[in-house]
1. Scanning the range B:29-40 for residues that are within 23 Å of residue B:2 (Cα to Cα) and in contact with a Phe, Trp or Tyr (Cβ under 9 Å, 6 or more places away or on another chain), which turns out surrounded by the fewest Cβ atoms within 10 Å (Cβ to Cβ)?
2. Consider the range A:19-51. How many of its residues are assigned to a strand (DSSP E or B) and surrounded by fewer than 21 Cβ atoms within 10 Å (Cβ to Cβ)?
3. Which one of these does residue B:151 not meet: (1) closer than 23 Å to residue B:66 by Cβ; (2) surrounded by fewer than 19 Cβ atoms within 10 Å (Cβ to Cβ)?
4. Could you check how many residues of the range B:144-191 are in a loop (DSSP other than H, G, I, E, B) and more than 14 Å from chain A (Cβ to nearest Cβ)?
5. What's the number of the condition residue B:61 fails, among (1) among the hydrophobic types (A, V, I, L, M, F, W, C); (2) surrounded by fewer than 18 Cβ atoms within 10 Å (Cβ to Cβ); (3) within 22 Å of residue B:150 (Cα to Cα)?
6. Among the candidates A:54, A:16, single out the residue that is assigned to a strand (DSSP E or B), surrounded by 15 or more Cβ atoms within 10 Å (Cβ to Cβ) and more than 14 Å from every other protein chain (Cβ to nearest Cβ).
7. Being at pLDDT 95 or above and either aliphatic (A, V, I, L, M) or under 30 Å from residue B:114 (Cβ atoms) (or both) is the filter here, so list the residues in the range A:68-90 that pass it.
Amino acid sequence: MRETTIERKANGVEISLFLNLDERGENKISTGIGFFDHMLTVFAFHAGITFNLSCKLNSAVNGDDIVEQIGIAVGQAVSTALGERRKINRYGDCFLPMDETLAHCVIDISGKPYLVFNMNNFLNPKKKAGEFDGELAEKFFRAFVLSSGITLHLSMEYGENTHHMIEALFKGFGRAFRDAATIARRAFL
Amino acid sequence: MRESEIERKTKETEIKLFINLDKRGDNEISTGIDFFDHLLKNFAFHAGITLNLSCKGDLEVDGHHSIEDTGIALGQAVKNALGERRGINRYGNCFFPVDESLTHCVIDISGRPYLRFCMDVSDIEVGNFDGELVEEFFRAFVSHSGITLHLLLKHGDDSRHMIESVFNSFGVAFRNAAAITEGNFLPTSKGVF
């Protein structure tokens, strides 16, 4: 089983995280930002993994720090759980529709951190979905690639609704990650 | 076996449709519009399903009612046959070329009807098939199946190739989305479709 536990304390954010890449489980996620909890839950659900995360926040901490620290912790956990990366599919790709929106996610578990975050002016970085927005989504993905060593391309093919667009990114990320992290050869769907 | 039978009769059309999502079949299809029969056979072939369909419609008016009502019946049959949707892959994606034409089809068996239809094939005529009705067909299908469907014709010149690539891509993407890939698991984080 590829699993790991991470404890991380930095910038006023204290994170406990458990990840199992090989078994679907209950995903208990509490970050202090409701919409971000929802995003990490749909990521874990579509990745078919078990992901538990809890945070203790000191009173001065802001959303930027929470999202960045969680991105770093998730990236570390993924990298550790993947281990030597033997026999993984390595590449993953997903076009993820959500009503009027279409997001495209491509992953290479390459050891080389790289993020392309091309929203093609469809996703306004400042427009809020709950206490979350496109800028925070980018912050999360950038922290994640840097600490996991994953090459990740996220594109918004088109879309209108902010909630749909951000959710399509996280779902597409989940599906593409599942393909990339899968062990052994499989028929492509 | 995920299968369904629909009989639908109105003053405009009389449709009998049988679908089996888990078994390839002969696909006996007769709507009175030859090119539409051909497109539906291609769809069923690439979806790897059985689709038997007869539609007796008011073709003396035009093909509109026959094609739209076939879309309604197919949508109803797909929805019934999918049932609880346990274990399905849910998402499907296909780039399908036919010679110089290429269509991109993306599906989410979401429970939410949505059609994004990006092409202009409305001026095309093949026999008694009117290209305007392609969108009508897919809109009726998504409305009654509760499926999110995006169809984008990326490029193409030949009328038949373009429309065939649309239906073929729909078949492959549908096959991927409807495939059972995770046992009894219900693939929605909401807990219900």
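1. Looking at residues that are within 23 Å of residue B:2 (Cα to Cα) and in contact with a Phe, Trp or Tyr (Cβ under 9 Å, 6 or more places away or on another chain), I get B:29.
2. Step one: list which residues in the range A:19-51 are assigned to a strand (DSSP E or B), which gives A:19-20, A:29-30, A:50-51.
From what is left, the residues that are surrounded by fewer than 21 Cβ atoms within 10 Å (Cβ to Cβ) are A:20, A:29-30, A:50.
Total meeting the criteria: 4.
3. (2)
4. As a first pass, look at the range B:144-191 and keep what is in a loop (DSSP other than H, G, I, E, B): B:146-147, B:156-158, B:179, B:181-191.
Cutting the leftovers down to more than 14 Å from chain A (Cβ to nearest Cβ) gives us B:156-158.
Selection size over the range B:144-191: 3.
5. Looking at each condition in turn, residue B:61 falls short on (3).
6. Numbers: A:54 fails: surrounded by 15 or more Cβ atoms within 10 Å (Cβ to Cβ).
Just a single option satisfies the conditions, and that option is A:16.
7. A:70, A:72, A:73, A:74, A:77, A:78, A:81, A:82
Table: residues versus (1) closer than 26 Å to residue B:181 by Cβ; (2) touching a His at 6+ places or on another chain (Cβ under 6 Å); (3) more than 14 Å from every other protein chain (Cβ to nearest Cβ).
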site	(1), (2), (3)
A:33	no, no, yes
A:48	yes, no, no
A:58	no, no, yes
A:86	yes, no, yes
A:103	yes, no, no
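The values are calculated or read from the model by the stated rules, or taken from the named source; none is laboratory data. Since this is a predicted model, take the numbers as computed values, not measurements. Ideal geometry is used to build each Cβ from the backbone, glycine not excepted, and the neighbour counts take in all protein chains shown.
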